[in-house]
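Q: What follows is a single structure, and I will ask about it in a moment.
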Ligand SMILES: Cc1cc2nc3c(=O)[nH]c(=O)nc-3n(C[C@H](O)[C@H](O)[C@H](O)COP(=O)(O)OP(=O)(O)OC[C@H]3O[C@@H](n4cnc5c(N)ncnc54)[C@H](O)[C@@H]3O)c2cc1C
């Protein structure tokens, strides 16, 4: 069967990899270049055990500070865009304990199977992607947030998540000695020894090279704008370079997926959640963290990737504005200097921005839409965890397409809308 995968980010490329392995002929269609979207400069965390969705009842208490503080990691720029308001309302409805617990359980399962698959591929294909298994430490600035972190730890333990431990400030410094110089006060942390990190862009580039060598066709700098339909079946993706024909289509265009889905009359609850990163050269190895660190108050993550420190954070609901305000980059470099003084060269921060494809409840959208074309599979909405979850949702897409009947263009399996 010939499958056209739209989007060459981590979701599209991991899907293309598994489809190629299953013996399908694959074309990847990408409007720019490999990893041009959110997969290109993200935090690099394979965050298999930190999956708590943003839509949590705890957000209500934090909301005044998050919305009013000038140093807040969250920015909402209200617009007349009805899609923004619809997303915000769905997000607020998802902020209940029941939904948050269900989502956490679901994400832990997905993350565990993604880890298994990614590590298998990493070993089999020897992907050069600066993969490390140095663990992750989330540090808390005050007792109230530390207690909330401990409650999440015990929930995840009950749900069968990987071992995690609550540690005092001194124990945190034993785990990551670079924290001893920190000018920021913190009261303790949650440590997960099994967490990993890697460069998501390098994973994408490695998969691209492998796939090209194995016969996958890449149409880069080719923008899809719509689909050509015959009844309820897509026959081609319409692009600025002409029509691309295939038997089935996988929509993995990240934060831009809602627009393409609308072109075939389906509405998916997706909105871009903008974030930023800087990539800093390490100048004093002993002052830089080896363990991945999350500063929970600032919602900033630090991961050593090769000889550099990737620092990522912020969440902005500002539509599709891709500008990079210098103040955001200053905030990230300042956060680095206060937590790890003297560790990095701050002069050349390599600023980057990306749009998380965010669903209101934090769960990806995988499968065929009940009212959509028969041969369109969605694989999007990975939000803040796309690198972590991509291989699990790619496997779900590959499983759906295994039972695909080309003659009737019908999926023989039940429709699965959520991952
Ligand atoms: C600041 C930040 C930090 C993050 N940190 C982490 C982290 O530490 N760990 C983690 O697991 N996740 C993290 N994420 C989330 C993760 O980066 C995303 O969930 C993931 O990259 C989404 O992958 P994707 O392939 O769905 O989308 P993308 O990577 O955005 O790929 C979509 C691709 O589709 C292409 N495209 C769009 N429209 C069209 C079109 N019309 N025609 C053709 N091509 C099109 C785009 O050019 C793009 O290349 C972070 C995100 C941000 C912004």
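The values are calculated or read from the model by the stated rules, or taken from the named source; none is laboratory data. Here the structure is a predicted model, which means the values were calculated and not measured. As a convention, Cβ positions derive from the backbone with ideal geometry for all residues, glycine included, and neighbour counts pool all protein chains shown.
Q: Across region 297-319, what is the number of residues that are closer than 15 Å to residue 76 by Cα, assigned to a loop (DSSP other than H, G, I, E, B) and in contact with a helix residue (DSSP H, G or I) (Cβ under 8 Å, 6 or more places away or on another chain)?
A: Of the residues in region 297-319, 1 are closer than 15 Å to residue 76 by Cα, assigned to a loop (DSSP other than H, G, I, E, B) and in contact with a helix residue (DSSP H, G or I) (Cβ under 8 Å, 6 or more places away or on another chain).
Q: Follow-up. For region 332-361, which positions are under 30 Å from residue 259 (Cβ atoms) and not in a loop (DSSP other than H, G, I, E, B)?
A: Selection gives 332, 352, 353, 354, 355, 356, 357, 358.
Q: Say we look at region 1-22 and pick out the residues that are more than 21 Å from residue 127 (Cα to Cα) and more than 9 Å from the ligand (Cβ to nearest atom); which of these is surrounded by the fewest Cβ atoms within 10 Å (Cβ to Cβ)?
A: So the first thing to find is which residues in region 1-22 are more than 21 Å from residue 127 (Cα to Cα), and the list is 1-6.
Cutting the leftovers down to more than 9 Å from the ligand (Cβ to nearest atom) gives us 1-5.
Numbers: 1: 17, 2: 15, 3: 26, 4: 26, 5: 34.
My answer is 2.
Q: Return yes or no: is residue 273 within 10 Å of the ligand (Cβ to nearest atom), within 22 Å of the chain's Cα centre (by Cα) and more than 21 Å from residue 370 (Cβ to Cβ)? Spell out the reasoning first.
A: On the way: within 10 Å of the ligand (Cβ to nearest atom): yes; within 22 Å of the chain's Cα centre (by Cα): yes; more than 21 Å from residue 370 (Cβ to Cβ): yes.
Here the answer is yes, as residue 273 does meet what is asked.
Q: Additional query: Which residue pairs have Cβ atoms closer than 8 Å, lie 6 or more positions apart in sequence or on different chains, and pair a first residue in region 375-386 that is on the phi > 0 side of the Ramachandran plot with a second residue that is outside any helix (DSSP H, G or I) and near the ligand (Cβ under 6 Å from one of its atoms)?
A: Pairs that qualify, where the first residue is on the phi > 0 side of the Ramachandran plot and the partner is outside any helix (DSSP H, G or I) and near the ligand (Cβ under 6 Å from one of its atoms), are 381/357; 383/356; 383/357.
Q: Continuing with this model, one more query. Across region 23-60, what is the total count of residues that are away from the ligand (no atom under 14 Å from the Cβ), over 24 Å from residue 198 (Cβ atoms) and either in contact with a strand residue (DSSP E or B) (Cβ under 6 Å, 6 or more places away or on another chain) or part of a loop (DSSP other than H, G, I, E, B) (or both)? So that I can check it myself, show each step before the final result.
A: Filtering region 23-60 down to residues away from the ligand (no atom under 14 Å from the Cβ) leaves 23-26, 55-60.
Among the residues that remain, those that are also over 24 Å from residue 198 (Cβ atoms) are: 23-25, 55-60.
Cutting the leftovers down to either in contact with a strand residue (DSSP E or B) (Cβ under 6 Å, 6 or more places away or on another chain) or part of a loop (DSSP other than H, G, I, E, B) (or both) gives us 23-25, 55-58.
The number of residues fulfilling the criteria is 7.
One line per residue, one yes/no per condition, for (1) crowded, with 23+ Cβ neighbours inside 10 Å; (2) within 22 Å of the chain's Cα centre (by Cα); (3) at pLDDT 95 or above; (4) farther than 20 Å from residue 358 by Cα:
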| position | (1), (2), (3), (4) |
| --- | --- |
| 207 | yes, yes, yes, yes |
| 225 | no, no, yes, yes |
| 229 | no, no, yes, yes |
| 235 | no, no, yes, yes |
| 250 | yes, yes, yes, no |
| 255 | yes, yes, yes, no |
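Q: Please go through region 278-296 and pick out each residue that is closer than 20 Å to residue 51 by Cβ, in contact with a helix residue (DSSP H, G or I) (Cβ under 8 Å, 6 or more places away or on another chain) and in a strand (DSSP E or B). Don't jump to the end; show me each part of the working.
A: At the first step, the residues of region 278-296 found to be closer than 20 Å to residue 51 by Cβ are 291-296.
From what's left, in contact with a helix residue (DSSP H, G or I) (Cβ under 8 Å, 6 or more places away or on another chain): 291, 293, 295-296.
The answer is 293, 295.
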